[in-house]
1. Taking the Cα atoms of the chain, what is the range of coordinates along each of the three principal axes, in descending order and whole Å?
2. Figure the gain on full extension for Thr190 and Lys8 (residue separation times 0.36 nm, minus the Cα-Cα span) and round it to one decimal in nm.
3. At 0.36 nm per residue, minus the direct Cα-Cα distance, what do Leu113 and Thr200 gain on full extension? Give it in nm, one decimal, please.
4. FRET efficiency for Ala35 and Leu106, Cβ-Cβ distance as r, R0 = 41 Å, nearest 0.05?
5. So between Leu66 and Lys85, what do we pick up on full extension, going 0.36 nm a residue minus the alpha carbon distance?
6. Under the rule of -39500 (n - 2.57) per DSSP H run of 4 or more residues, summed and divided by the residues of the chain, what mean residue ellipticity at 222 nm is obtained, to the nearest 500 deg cm²/dmol?
7. Positive end of the charge dipole of segment 3-213 (Lys, Arg +1 and Asp, Glu -1 on Cβ, about the Cα centre): tell me which of Ile32, Ala80, Leu154 has its Cα farthest that way.
8. Just want to confirm a number: the relative contact order over segment 3-213, from Cα pairs under 8 angstrom separated by 6+ residues, in percent.
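Just so you know, all these numbers are worked out from the coordinates, no wet-lab data involved. These numbers come from a predicted model, not from an experiment. Positions of Cβ are backbone-derived with ideal geometry, glycine not excepted, and every protein chain shown enters the neighbour counts.
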Amino acid sequence: MSNYEMKKEVVEACHVLSGMGYLAGIGGNLAIRVADRMAVTPSAADYFSMKPDDICIMDIHSLEVLEGDRSPSVESGLHALFFRKRPEIKASVHTHQPVASAMALLNRNIPMLSGEEQRELGEKVPVVGYGPSGTGMLVNALKKKLSPHLNGYLLRNHGIICGARSMDQAIRNVRLIEKAAARYIAEAITSNRGSRPVATVDQALASLAEYQQI
Ligand SMILES: [Zn+2]
């Protein structure tokens, strides 16, 4: 795949994820890899108007920018780590998606229950220890947790990162994680409803049910 084709695929994925509400206005970034290079979104990106020329091509080992005038995403190191440690991973997506990010704030792993969830992501989406955005500390925290059997991770107090063998599947995984997080929180609320005003609980459960439909 040429550098241009890689950039185009990243742009298309940005448009899809923005349309789904996972990137626009709330940050996030993504990358695809071919051999030892990756195409990654630039920092401070407007995902709706992204063009192939905005995308950076980087070496996954040295993080040298091989092509592109813009600064690469501050989380390039996270994507590169995924690609270096997991050769079968071809696409990596980082989002601040609302429900799964709530789990990252609660410091709770998301159990994967359905056949598809377990096949694509493993038995859980675990929480990775905290590191500030764009730092080596965050990359090291992910490195410590990275497992050959788990394809999604919650970044403590921050968001998620997930990988897959293709960008289509990575996007699918983003949705699976959001649905599973909504299911977990809905179940926790239901089993804990006690004497709370019923209308409030029902309202919360109705909102979470919407996230489980996506
Ligand atoms: Zn982030």
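1. 59, 35, 32
2. 61.1 nm
3. 28.6 nm
4. 0.60
5. 4.7 nm
6. My calculation for the chain gives -14000 deg cm²/dmol from helical runs alone.
7. Leu154
8. It rounds to 18 percent for segment 3-213.
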